[in-house]
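Contents: one structure, followed by commentary.
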Amino acid sequence: MSKYDYDLFVIGAGSGGTRAARVSASYGAKVAVAEEYRVGGTCVIRGCVPKKMLVYGSHFSEDLEDGKNFGWTWQNAKFDWTKLRDHILSDVDRLNNAYTETLKNHDVEIILERAEIVGPHEVKLASGKTVTAKYILIAVGAWPVKPDFPGSELAQTSNEMFHLEKLPKKVIIAGGGYIANEFAGIFNGLGSEVTVVNRSDVILRGYDESLRDRLLQISLAKGISYKFNCTFDKIEQRDDSGFDVYMDGKDPVQADVVLIATGRSPKIQGLGLENAGVETNEKGAIKVDEYSRTNVDSIYAVGDVTDRVQLTPVAIREGQAFADTVFNNDPKTVDYSCIPSAVFSQPPIASVGLTEGEARTQYGNIKVYSSDFRAMRNAFADRPERSLYKMIVEATSEKILGLHMIGPDAPEILQAAAIAVKAGLTKQAFDDTVALHPSMAEELVLFK
Ligand code: NDP
């Protein structure tokens, strides 16, 4: 008989926590998971999944326009925000139920309450009840950060974007990262006037420069405005329910919605880390070793709260590795090299491995192959937008160091190509592969 109530107590039922709980239970552990909001976490409830639905919904405006050259005419085509929003929210309900069912089917106890750590093996629930566990896994994720300026409380974060009462006519977006560029594309596609405001003159820091430039050029051509090296002074509420946004000491600009997308921080407030002596780093992220173990032997942490790589599939891998290590006697670590990523901007960006700049710094002697082309569908639709694919290779061996793409379906194509990059293949392996014609992806095996 265990001296603890549970073998594992997971705090947070997001991507990492759910995977860890389910798999640990399948290995025979007695598991409970506490969730203060909804099972599924950021990705499912207010992130990747509903965002992708908004991207799809928004992209129909271009598809309808392009349809003309394909012989289609549309009469009275209209967009209804509430219809899209409500359908997305009902899909989120479906996924929330599916995640809940999966946990229940694995005999994981779900406790829909906030939990606070009170000791190395002890957790206090919002109801006041205290439970004990041999291991505690922290998987509480991250939360949007708002810069501190007067009126910033009037601005929204991505959390609220899925619940807007109506489609805004004018949107100002603070930040130049993933969320800013994805929502800029969404609102632009849906007909809103969009301005992206960033503190530096760089969008999507970390992505290959040529792709960032290409996205910027295409976004400008689509009518999205950018203000660079610009800071917010204050936001004031207007009588007409909109806002006056003051930036860089200039006259105010009006907006119906101000979206702040300036990064996400580990959500450690009120978690009771100090009660067990769990250490965090200077960014507030929980410090863990390669097995996701904190400095307290019985407490582990996975996902965004550790700020290793803030991506859902990474959190899932960390949750899986935790369960294998702790409950299956099979120590596993996560390989963080060659993680593919995508920005669901319009067009999307997808990338794996080193950027050209990083490869030059690390390897010195590199070669860059690129293909700058107009997708057949865009050419036929008279859409000027061009795609750009880049392959970065080590000069002598031609081993692929990085692959970067912007263009329709880039994430769908790159996921498959990333397998080759991860496997350490060379450009020759791509050259040896016969093109699949006509496709955009064939450009990958036709680099000259
Ligand atoms: P990002 O880290 O992508 O971008 C943050 C942006 O905000 C940058 O442009 C940065 O500017 C700017 N910024 C940072 N701090 C401040 C500040 N104090 N004041 C003003 N501007 C600031 O953050 P997001 O919020 O867009 O996304 C959060 C995380 O969510 C991402 O890191 C990503 O991991 C994840 N995510 C992933 C998605 C995907 O995989 N497709 C989609 C959405 C989110 P600068 O670069 O100039 O320093």
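Pairing the Cα long axis of helix 410-422 with the longest principal axis of the chain, what angle in degrees results, from 0 to 90 and rounded to the nearest 10? The answer is roughly 60 degrees. Nearest 10 degrees is fine. How inclined is helix 15-26 to the longest principal axis of the chain, computing both from alpha carbons? Approximately 50 degrees, to the nearest 10. Can you give the Rg to Rh ratio for the stretch 243-334, taking only C-alpha atoms and Rh from Kirkwood? Here Rg/Rh amounts to 1.21. Counting only DSSP beta bridges whose two residues both lie in the chain, roughly 60 percent are antiparallel. Taking the 0 to 90 degree range and rounding to the nearest ten, how far is the long axis of helix 178-189 tilted relative to the main principal axis of the chain, both from C-alpha atoms? Its long axis makes an angle of about 50 degrees. The relative contact order of the chain, computed from alpha carbon pairs under 8 Å that lie at least 6 residues apart in sequence, is 16 percent. Here the stretch 310-404 was treated as a single set of alpha-carbon atoms; its pair distances binned every 10 Å from 0 give 14, 29, 26, 21, 7, 2 percent. For the chain, report the % of Cα-Cα distances exceeding 35 Å. So the portion of pairs separated by more than 35 Å is 39 percent. Mean projected area of the Cα convex hull of the stretch 160-243, taken over all directions, amounts to 6.0 nm².
Normalised by the number of residues in the stretch 182-335, the average gap of Cα pairs under 8 Å and 6 or more apart makes the relative contact order 12 percent. Each 5 Å bin from zero holds the following percent of Cα-Cα pairs in the stretch 77-231: 2, 7, 12, 14, 13, 13, 12, 10, 9, 6, 2, 0. Can you grab the distance from the C-alpha centre of the stretch 312-331 to the C-alpha centre of the stretch 71-119, Å, no decimals? Result: 25 Å between the Cα centres.
Left without a cysteine partner by the 4.7 Å Cβ rule in the chain: C230, C338. Partners of K234 within straight-line reach, counting aspartates and glutamates whose Cα lies under 19 Å from its Cα and excluding those fewer than 8 residues away in the same chain: D148, E153, D244, D248, D251, D256. Bridges between two residues of the stretch 94-229, per DSSP, are antiparallel at a rate of about 45%. Can you list the lysines whose alpha carbon sits under 23 Å from that of K283, skipping same-chain ones fewer than 8 residues off? Partners within reach: K146, K267. Residues R205, R114, R22, arranged from fewest to most other Cβ atoms within 10 angstrom of their Cβ, appear as R205, R114, R22. Annotation: peptides 73-81, 407-415, 173-181, 311-319, ranked by per-residue average of other Cβ atoms within 10 Å with the highest first, follow the order 173-181, 311-319, 407-415, 73-81. Checking the Cα-Cα distances for K422/K448; K124/K287; K51/K83; K332/K367 against a 26 Å cut-off, the pairs over it are K332/K367. Take every Cα pair under 8 Å whose residues are at least 6 apart in sequence, average their separation, divide by the length of the stretch 295-448, and the relative contact order is 19 percent.
Laboratory data are not the source of any read-out in this text; all were calculated from the coordinates shown. Keep in mind that what you see is a predicted model, and the values were worked out from it rather than measured. Note that we place each Cβ from the backbone using ideal geometry, even for glycine, and neighbour counts take in every protein chain shown.
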